[in-house]
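I have placed the structure first, in the form of structure tokens, so that the comments after it can refer back to it.
The values are calculated or read from the model by the stated rules, or taken from the named source; none is laboratory data. Since we're looking at a predicted model, the values are computed, not measured. All Cβ positions, even for glycine, are placed from backbone atoms using ideal geometry, and neighbour counts span all protein chains on display. We work out accessible area using only protein heavy atoms, side chains counted, and drop any ligands, DNA or RNA first. Shrake-Rupley method; radii C 1.70, N 1.55, O 1.52, S 1.80 Å.
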Amino acid sequence: QVQLVESGGGSVQAGGSLRLSCAASGRTFSRNAMGWFRQAPGKEREFVAAITWSGGSRHYADSVKGRFIISRDNAKNTELLQMNILKPEDTAVYYCAAAPGYGIGFTPGEYDYWGQGTQVTVSS
């Protein structure tokens with residue numbers, strides 16, 4: 001059974017940092033692009049960041065560029081999202097996702113595997 005499990009969410013004050021982890025099991029994703037999305041109450045799920053299978057190319061939503069860093073460790077089958085200078089508008093449930101192949105996607109429909117999500121709450 002393929003699973004993606006996120007951890008590291010929580011509550012933090014504005015300006016703080018959190019690091020999200022996504023551990024994959026059931027198969028390796030070392031040849032798949034991976035990404036992070038988030039969904040705030042009443043809003044659609046939105047792209048946050050994505051990384052190619054090798055880690056050589058990373059993409060970010062404009063809203064998080066310069067503050068968030070996506071990375072991966074293929075040996076450990078994990079994906080990370082370092083979130084710095086957090087803002088109240090970053091409050092959402094964060095999901096990790098794995099694409100079906102090498103190509104990076106920017107919409108939820110381009111990803112086949114999803115974690116259950118982890119809550120991030122940023123207070124002002």
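For the reader, a short list of remarks on this structure follows.
- Scope the range 1-14; condition open to solvent by 50 Å² or more (accessible area, probe 1.4 Å) and at pLDDT 95 or above; matching residues: Val5, Ser7, Ser11, Gln13, Ala14
- Within the range 61-100, the residues that satisfy the criterion of being in a helix (DSSP H, G or I) and open to solvent by 20 Å² or more (accessible area, probe 1.4 Å) are Pro88, Glu89.
- In this structure, Gly56 does not satisfy being open to solvent by less than 50 Å² (accessible area, probe 1.4 Å), at pLDDT below 95, farther than 16 Å from Ser17 by Cα and part of a loop (DSSP other than H, G, I, E, B).
- Restricting the first member to the range 101-124 and to residues that are touching a residue at least 12 places away in the same chain (Cβ under 8 Å), and the second to residues that are aromatic (Phe, Trp, Tyr) and open to solvent by 50 Å² or more (accessible area, probe 1.4 Å), the beta-carbon pairs closer than 6 Å and six or more apart or on different chains are Tyr102/Trp53.
- Some residue of the range 98-110 being under 25 Å from Ala14 (Cα atoms) and of a type outside the set (S, T, N, Q): no
- Single residue of the range 44-53 satisfying the filter (of a type outside the set (A, V, I, L, M) and not in a loop (DSSP other than H, G, I, E, B)) that is farthest from the chain's Cα centre (by Cα): Glu46
- Complete set of residues in the range 15-39 that are open to solvent by 20 Å² or more (accessible area, probe 1.4 Å), closer than 18 Å to Ile85 by Cβ and either in contact with a Ser or Thr (Cβ under 7 Å, 6 or more places away or on another chain) or not small (Gly, Ala, Ser) (or both): Leu18, Arg19
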